[in-house]
Amino acid sequence: MMIYRFKDGKAIEAHSPEEFVRKMRNTSYSESDDEQDYMEACAERSRKLGVDIRSDSPYNFLVDLIQTNQVFPEPSLDWN
């Protein structure tokens, strides 16, 4: 499990990029029909701000969010 923290301090815990995108979509005000539409909408908004985020897969989407300092991964300490 990883914790992904956003610039505003909010965080999402996820086991996979797919789970990260699903949780990100569920906590947003997006009207996207599915996760793919959501990633494409986020990528489009980012491009307007000069940030290139791929939307071809949850993995690439998450990697680009991390590489562009939009999201910061933190290891989760699981003592069980």
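The values are calculated or read from the model by the stated rules, or taken from the named source; none is laboratory data. Everything quoted here is computed from the prediction, not taken from an experiment. Note that we place each Cβ from the backbone using ideal geometry, even for glycine, and neighbour counts take in every protein chain shown. Each accessible area value is taken on the protein alone, full model and side chains, heavy atoms only, with ligands, DNA and RNA left out. Shrake-Rupley method; radii C 1.70, N 1.55, O 1.52, S 1.80 Å.
Can E18 be described as more than 22 Å from M2 (Cα to Cα) and part of a helix (DSSP H, G or I)?
no
Of everything in the range 41-62, what is assigned to a helix (DSSP H, G or I), open to solvent by less than 100 Å² (accessible area, probe 1.4 Å) and free of Cβ contacts under 8 Å to residues at least 40 places away in the same chain? Give them in sequence order.
A41, C42, A43, E44, S46, N60
Which of the residues belonging to the range 1-15 are outside any loop (DSSP other than H, G, I, E, B) and among the basic types (K, R)?
Within the range 1-15, just R5 meets the criteria.
Checking S32 against (1) assigned to a loop (DSSP other than H, G, I, E, B); (2) touching a residue at least 12 places away in the same chain (Cβ under 8 Å), which single condition isn't satisfied?
(2)
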